[in-house]
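Notes for the one structure printed next.
The values are calculated or read from the model by the stated rules, or taken from the named source; none is laboratory data. Here the structure is a predicted model, which means the values were calculated and not measured. Cβ coordinates were reconstructed from backbone atoms using ideal geometry, including for glycine residues, and neighbour counts include every protein chain displayed. Note: areas computed on protein heavy atoms with side chains; ligands, DNA, RNA excluded. Shrake-Rupley method; radii C 1.70, N 1.55, O 1.52, S 1.80 Å.
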Amino acid sequence: MKKTITLILICLFAIKVKAQEQIMVNAYNRQATSLNGYWKYIVDPYENGFYNYRYEPFENQDNPGNGAYFTNAKRTNKSDLIEYDFDKMDSLKVPGDWNSQKENLFYYEGTIWYKKSFNYTKSNDNNRVFLYFGASNYETDIYFNGTKLGKHIGGFTPFQFEVTKLLKDQNFLIVKVDNERKKDGVPTLNTDWWNYGGLTREVKLVETSSTYIADYHIYLSNQDNRIIKGAIILDGKDKSNQEITIAIPELGVEKEFKTDNNGKSEFEINVKDIQFWSPTSPKLYDVILSSGSDKITDQIGFRTIRTQGADILLNGESIFLKGISIHEESPINGGRCNSKEDAQKLLEYAQSLGCNFVRLAHYPHNEHMVRLADQMGILVWEENPVYWTISWENEETYSNAQHQISEIIDRDKNRASVIIWSMANETPISDARNNFLTKLTTFTRAKDPTRLISAALELHSYEDIPNSRTIQDPFVDKVDILSFNQYIGWYDGGIEKCKKIKWIVKQNKPVFVSEFGAGAKYGLHGEKDERWTEEYQEYLYEETLKMLDQIDQLRGMSPWILVDFKSPRRVLAEIQDNYNRKGLISENGEKKKAFYVLKNYYDSNN
Ligand code: GCU
């Protein structure tokens, strides 16, 4: 009998835990109360806050149903037994990964429980309040004033929960973050980057009117650059048949539309004299959206992007993507980036290299990066962390990957700088992998038909043609741009091999080399055939650029990588010391000799 009750309780609890709702668009510009700052924390490697000694979840105890032991309980009399007290604990800074904040958390992988207390008073009784997270790595359980709001899985995308009905004058928020790597995760167990855990991006309370502008996508038609298309969605009890206004003052646009019964309005607006967004002219327009009770402004660039044969056409003109790959690691303090200053410094490095493009590897970066890229005129490749050997057969793994690309499209669909959604990086070919990626591509195109799709594909050789390289990945038919990583001269032979390679690319599609590179320790000098010297890296860039120029369809590249970055896989003492050294810039901001080889190549390829 007891077992049955347990099962019923768990099922009821599961229903109670809300599914993830779609994030609101443009949280970045909305009225909000930041919860950033110092949060108390409890390190919990044995999941003591989630399970009893039988390792059963607390849900089936006579616990107030919030599914956790760490509920911010306080002793009411001296005979009470409570074996924790958040308020007596140390603090972690939010946003921020825990690994780079505390020496004893440098390698920590597991659960940490955070607690933040705060007072809140709504500015209007009818308003709604949402708890918004910029990202949290990797699995996050959220409890608000003792009630479990839900769970989010994925370390690099925003999520939110409505807390209107739970809000009090005095509140406490408990968040369980578990960054343990999982075989069926996205990414999976093995990655070449540091597994920074924690509340790595901002946490804030966003207050909206009872019916508010929850979602919109406003863009220039890729088929006719005199038409601005879009959709706006209201959420709330008065969402149906509502008047909404779209104003773009600089274009003399002020149009009224009406939402349908579902609160949605789709529209087309004929405009003329648009200053198209581009790297050389990153024009952003103030777009003011208003409904009966809500008003929001966004800064939107209008451009077209499509491919035609081997060309990538930005505003109808062929463009060469002078790129560089970037990991989201702070060039200022180390650890996960989370500030506008981090983003500014990385993108300024890229601009100093002569870039008009950045590949944000291997997962969605923070929103400052794409907002600044819009302002600075830098095109962006955003990537889903489907990296290496994902569990292709696992349905939950697929829905996790789909959920993550969906969340980042919802966050960034109005950013002109973002032109490519990347489905994956270096994934060994199999039927399961092809099916997984095909399904993900179909979903992505349906959700956002306005951008290009790519992925770092696998390379092959012709057995009867020595030193040949070709693209025969079965996924080539699904992507708009043929991208691949190649390491001839580093993982694949020595640099002289570059001179022997014969590239045979038969597809009439743009080719983009998403990675090449070599490790070099800044300040280490020697012969150009001596690994780890700056001269080796410099020579590899010289020979690789010559080799790639033989590919007629070459329309861009994002060499690996802008800055040396931390990885537990890079353990060579006195050279790597937990850093992947393929950066063109050291973690201390020192430019290596190869930096100037690539800069010269980009500057002379106008
Ligand atoms: C791979 C992978 C990167 C990795 C790089 C390297 O191509 O995509 O994530 O860091 O090679 O080995 O340095």
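Descriptive notes on the structure:
- Within segment 567-577, considering residues that are open to solvent by 40 Å² or more (accessible area, probe 1.4 Å) and away from the ligand (no atom under 11 Å from the Cβ), the one nearest to GLU587 (Cα to Cα): ASP577
- SER79 being within 30 Å of ASP294 (Cα to Cα) and open to solvent by 80 Å² or more (accessible area, probe 1.4 Å): no
- Tally, over segment 568-598, of residues that are assigned to a loop (DSSP other than H, G, I, E, B), over 27 Å from the mean Cα position of the chain (by Cα) and closer than 24 Å to GLU542 by Cβ: 2
- Residue match in segment 520-539 (condition: within 12 Å of the ligand (Cβ to nearest atom), in a loop (DSSP other than H, G, I, E, B) and without any contact (Cβ under 8 Å) to a residue 60 or more places away in the chain): no
- Hits in segment 543-562 - residues which are more than 16 Å from the ligand (Cβ to nearest atom) and of a type outside the set (S, T, N, Q): GLU543, LEU545, LYS546, MET547, ASP549, ILE551, ASP552, LEU554, ARG555, GLY556
- Filter result (open to solvent by 10 Å² or more (accessible area, probe 1.4 Å) and outside any loop (DSSP other than H, G, I, E, B)) within segment 373-397: GLN375, MET376, GLU395, GLU396
- Close Cβ contacts (under 6 Å, 6 or more residues apart or on different chains) running from residues in segment 108-123 that are in the same structural domain as THR164 (by TED's automatic domain parsing) and open to solvent by 60 Å² or more (accessible area, probe 1.4 Å) to residues that are at pLDDT 95 or above and assigned to a strand (DSSP E or B) comprise SER117/PHE172; ASN119/GLN170.
- Listed by position, the strands (runs of 3 or more DSSP E) enclosed by segment 262-371 include none that has at least 2 residues that are at pLDDT below 95.
- Which numbered condition GLY517 fails, given (1) within 16 Å of the ligand (Cβ to nearest atom); (2) in a helix (DSSP H, G or I): (2)
- Checked across segment 453-466, the condition of being at pLDDT 95 or above, open to solvent by less than 10 Å² (accessible area, probe 1.4 Å) and closer than 18 Å to LEU314 by Cα holds for at least one residue.
- Count - residues of segment 138-151 that are part of a loop (DSSP other than H, G, I, E, B) and surrounded by fewer than 19 Cβ atoms within 10 Å (Cβ to Cβ): 2
- Check on VAL358, among the β-branched types (Val, Ile, Thr), away from the ligand (no atom under 16 Å from the Cβ), touching a residue at least 12 places away in the same chain (Cβ under 8 Å) and assigned by TED's automatic domain parsing to the domain that holds ILE585: no
- Matching residues, segment 491-520, being crowded, with 21+ Cβ neighbours inside 10 Å and under 20 Å from ASP192 (Cα atoms): VAL513, SER514, GLU515, PHE516, GLY517, ALA518, GLY519, ALA520
- When ASP224, ASP273 are checked against the criterion of being under 27 Å from LYS447 (Cα atoms) and surrounded by fewer than 21 Cβ atoms within 10 Å (Cβ to Cβ), ASP224 stands alone in meeting it.
- Segment 152-184: number of residues that are assigned to a loop (DSSP other than H, G, I, E, B) and away from the ligand (no atom under 16 Å from the Cβ): 15
- Filtering segment 315-325 to residues that are surrounded by fewer than 21 Cβ atoms within 10 Å (Cβ to Cβ) and out of contact with any Gly (no Cβ under 6 Å at 6 or more places or on another chain) leaves ASN315, GLY316, GLU317, SER318, ILE319.
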